[in-house]
Amino acid sequence: MQRRRIGKTSLSVSEICLGTMTFGSTCDEAGAFRIMDRALEAGINFFDTAEIYPVPPEMEWVHRTEEIVGKWLKTKPRDALVIATKFCGPGHGWFIPPVREGMTGIDRHHIRRAIEASLRRLQTDYIDLYQTHWPDHEFPYEHTLQVLDELIQEGKVRYIGCSNEIPWGVMKSLAVAEQYGTARYESIQNNFSLINRRFEDSLAEVCRRESLSLLPYSPIGGGVLTGKYQAGQFPAGARFSLYRDSGPRQQQMARRFVNEKSLATTAELLTLARELNITPATLATAWSKQHDFVASTIIGANTREQLEEILPAADVILPPEILTRIDEITARYPYPLG
């Protein structure tokens, strides 16, 4: 397992990061421990979670993921691991989180409450990478960055990052950090996959020029790129099978990921994966980690078997001619996710 630096930090992380967002909902504690143990054994030293996990966000199990990761972390050498978590963005607009009565924000009050609770659940005294889960473009960046900088000075956080940001937001945050002399976001955690290459339009160049690192999530398109949804199938227990029977927001997400363009893209990639004698999940993950602006690709697994299907990507380097074929395939079905 190769390692890369995140942004301008001293964090050296495995090219594959283990995401934990199903731990405590569709994956129980015992299963989560098996997955994390296997990930560590395979050379993964980077684990990502969030105060709002597991998904789908529900009051009945919110915070459970950090608690599970914390129990596991307590049995491991803390300094050998890089732990990332996220605090909720604003509770108005597109989504009301089941945290702090839905009145979340990225101000001093909420960040302070969030960090103390996450440290307690994770059973650690510091977070390696603390991330804004989603932005508030109407709230001054300096207010958020100043309190995050305080946490760094206090030793509770080592570095900070953002998630689900747009080009304007990243550049605004960097300008504000320089203006006020605070710590800056060193990473951005956005959706990026073979069915969602929108990051390459402009954010990739921002990362290159500003030495920011992408930590892409959903590299296998929420499972779509494994082929499990081909031919109109919605397997029992699969994410978008569950989302189809959930609330309006989840139903919309299912339609966004599972559609004519995404399935057509997947069909051609499945053929390519068979030619290469690798699994579709391995192909998608290997493609993600080969980008120069990517530090570590975040994968998720509900079972150890699913993890085993992805781990070979650590040793796969796709040659130029295969990357060209992938570009040709994805160009035939532009912007499957809209």
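Odds and ends about this structure:
- Condition check for His133: crowded, with 18+ Cβ neighbours inside 10 Å and touching a Lys or Arg at 6+ places or on another chain (Cβ under 6 Å): yes
- Check on Ser173, of a type in the set (Ser, Thr, Tyr), part of a helix (DSSP H, G or I) and farther than 30 Å from Phe139 by Cβ: no
- Trp94, sole failed condition from (1) surrounded by fewer than 17 Cβ atoms within 10 Å (Cβ to Cβ); (2) among the aromatic types (Phe, Trp, Tyr); (3) touching a Phe, Trp or Tyr at 6+ places or on another chain (Cβ under 8 Å): (3)
- Taken over the stretch 50-94, the residue count meeting the criterion of being part of a loop (DSSP other than H, G, I, E, B) and under 17 Å from Ala39 (Cα atoms) is 5.
- The residue that is surrounded by the fewest Cβ atoms within 10 Å (Cβ to Cβ), counting only those in the stretch 14-41 that are in a strand (DSSP E or B) and not β-branched (Val, Ile, Thr), is Cys27.
- Of the residues making up the stretch 248-298, those that are of a type in the set (Lys, Arg) and crowded, with 20+ Cβ neighbours inside 10 Å number 1.
- The stretch 102-127, residues that are surrounded by fewer than 15 Cβ atoms within 10 Å (Cβ to Cβ) and in a helix (DSSP H, G or I): Gly102, Arg108, His109, Glu116, Arg120
- Within the stretch 164-192, being of a type in the set (Asp, Glu) and closer than 24 Å to Ile298 by Cα holds for Glu165, Glu186.
- Residue within the stretch 290-309 that is of a type in the set (Val, Ile, Thr), modelled with pLDDT of 95 or more and assigned to a helix (DSSP H, G or I) present: no
- Leading residue by the ranking (farthest from Leu129 (Cα to Cα)) among those in the stretch 145-167 that are in contact (Cβ under 8 Å) with a residue 12 or more places away in the chain and in a helix (DSSP H, G or I): Pro167
The values are calculated or read from the model by the stated rules, or taken from the named source; none is laboratory data. Quantities reported herein were computed from a predicted structural model and do not represent experimental measurements. Glycine gets a Cβ as well: all are built from the backbone with ideal geometry, and neighbour counts include every protein chain shown.
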